[in-house]
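So the structure is just underneath, and the comments pick up after that.
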Amino acid sequence: MPERRTVALVTLGCARNEVDSEELAGRLAADGWELVENATDADVAVVNTCGFVEAAKKDSVDALLEANDLKDHGRTQAVVAVGCMAERYGKDLAEALPEADGVLGFDDYADISDRLQTILNGGIHASHTPRDRRKLLPISPAERQDAAVALPGHSQEIAPAPADLPEGVAPVSGPRAPLRRRLGTSPVASVKLASGCDRRCSFCAIPSFRGSFISRRPSDVLGETRWLAEQGVKEVMLVSENNTSYGKDLGDIRLLETLLPELADVDGIERIRVSYLQPAEMRPGLIDVLTSTPKVAPYFDLSFQHSAPGVLRAMRRFGDTDRFLELLDTIRSKAPEAGARSNFIVGFPGETEADLAELERFLSGARLDAIGVFGYSDEEGTEAVGYENKLDADVIAERLAHISQLAEELTSQRAEERVGETLQVLVESVESEEDGPVAVGRAAHQAPETDGQVVFTAREGLAPGRMVEAKAVGTEGVDLVAEHHELAEAAR
């Protein structure tokens, strides 16, 4: 009998990282590793790191150090870093954090089992040397599909799947597609629509370590969605660095408009949600599909970042307050109850009080359901690092606190506007609390993790994975309190 090998995956960061972790889990399970939930019970703890901003990098380092502490208390023998921070810093991270027994980049994913076995046996696998991954793909998007480059979640450079896969592990599409193993039981799962980004926002380093934009083939996306439906998934969220660019390297920039109805028709799927949309790339046809296709959520995760024209230009972005408000008006003219969310950066170099007031004007008129606010910080390798007119840290902190408070007030007001609405809610969990069982779900305007949620007044007849009709009867901050229609009718 082969020796028992256990591994735990600890995932930080965005939904794209969650997909990558499930791909790694599929590869490891297919090669005989036993996946365990807690790092304490694992021979190897694999930490899928985030390298986006300083706070996320700190969380990743803390997670690696916490996993390293388990070597003295539990079964854990090795701690390995993967993901964006590992890819971005490679050898530098390994030198700065000797507690990590290995630092693996995206190129190591195809051989993750061998890499972990080497490290577990006491061997050393050389940490990769970071490189600008944009330079690994052709400049022309049309030439990228056949490039032999490691892309987590894509089928390039991936060997055929074994014929005797363990239960719960399957190729998500085609004989050369990546393996995937679900790491939880949530009725919601993300599907990677593309990887990388061709935009050159002056504050963002993601393209340098995630690479240029490359779409997954529609057949791969459909195949993975069908497989997830077989695993009990009811809602699929399409993720990438920029979903509005999907298809441009496949010869059809409107490919998302034709793919969405096909995904919505997959048996067992109740809702399709699209995230990460660029306002400057929104087009009438895409708005029409997102607001009128059955089972496609009228949900708009729009990356505004700011609304003052001068700040946006310095960010290498486009738009202004009035154009952004016009876009939201167009969306709501087609679907009045559509959900909208966005993130914003305050304290960007050169941001004036007038710029901040312009952002306040936009936020006050936008009626967004969820707002994320971040204070600017220099990110090495980005254009903005070299900008003049940097704001003092205390000024950035003051503006961050001010806009964050405004955002909290505005999103609470938006939730109150939704009281009385009829909602289609996917029940995500039914849990026991001190005051009794509580059922929680998400309406069409609420994405997992990032937005608010729906709390039911009663749990009878509700179970995770069930899509129910409910009425919003109250709020708790950004969260809605709802009454399940069947229960309401029975009480009359």
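Select from segment 212-231 the residues that are small (G, A, S) and closer than 23 Å to F318 by Cβ and write down the one among them that is farthest from the chain's Cα centre (by Cα).
This residue is S212.
Does segment 119-131 contain any residue that is at negative phi, modelled with pLDDT under 80 and part of a helix (DSSP H, G or I)?
no
Among helices (runs of 4 or more DSSP H) lying entirely in segment 1-116, which contain 1 or more residues that are surrounded by 20 or more Cβ atoms within 10 Å (Cβ to Cβ) and without any contact (Cβ under 8 Å) to a residue 40 or more places away in the chain?
Those helices (runs of 4 or more DSSP H) span 54-69, 84-89, 91-96.
One residue stands out in segment 246-257 among those that are over 17 Å from D288 (Cα atoms) and touching a Lys or Arg at 6+ places or on another chain (Cβ under 8 Å): the one that is surrounded by the fewest Cβ atoms within 10 Å (Cβ to Cβ), namely L250.
For every residue, the table says whether it meets (1) at pLDDT 95 or above; (2) of a type in the set (S, T, N, Q).
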| residue | (1), (2) |
| --- | --- |
| Q424 | yes, yes |
| V427 | yes, no |
| S432 | no, yes |
| A439 | no, no |
| A458 | no, no |
| G461 | no, no |
| G474 | yes, no |
| H485 | no, no |
| E489 | no, no |
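Out of all the residues in segment 258-275, is one or more at pLDDT 95 or above, surrounded by 18 or more Cβ atoms within 10 Å (Cβ to Cβ) and over 22 Å from A444 (Cα atoms)? No, segment 258-275 contains no residue that is at pLDDT 95 or above, surrounded by 18 or more Cβ atoms within 10 Å (Cβ to Cβ) and over 22 Å from A444 (Cα atoms). Considering only residues that are open to solvent by 60 Å² or more (accessible area, probe 1.4 Å) and over 23 Å from the mean Cα position of the chain (by Cα), which ones fall in segment 119-151? Hits for segment 119-151 are N121, G122, I124, A126, T129, R131, K135, I139, A142, E143, D146, A148. Taking residues in segment 252-271 that are more than 14 Å from V191 (Cα to Cα) and touching a residue at least 60 places away in the same chain (Cβ under 8 Å), and partners anywhere that are acidic (D, E) and surrounded by 14 or more Cβ atoms within 10 Å (Cβ to Cβ), the pairs with Cβ atoms closer than 8 Å and at least 6 places apart or on different chains are E270/E235. The single condition from (1) touching a residue at least 12 places away in the same chain (Cβ under 8 Å); (2) exposed (fewer than 13 other Cβ atoms within 10 Å of the Cβ); (3) part of a loop (DSSP other than H, G, I, E, B) that A354 fails is (3).
The values are calculated or read from the model by the stated rules, or taken from the named source; none is laboratory data. Just so you know, these numbers come straight off a predicted model, no measurement behind them. In this analysis, Cβ positions are derived from the backbone assuming ideal geometry, glycine residues included, and neighbour counts consider all displayed protein chains. To get the accessible areas, we keep the full protein, side chains included, count just its heavy atoms, and leave off ligands, DNA and RNA. Shrake-Rupley method; radii C 1.70, N 1.55, O 1.52, S 1.80 Å.
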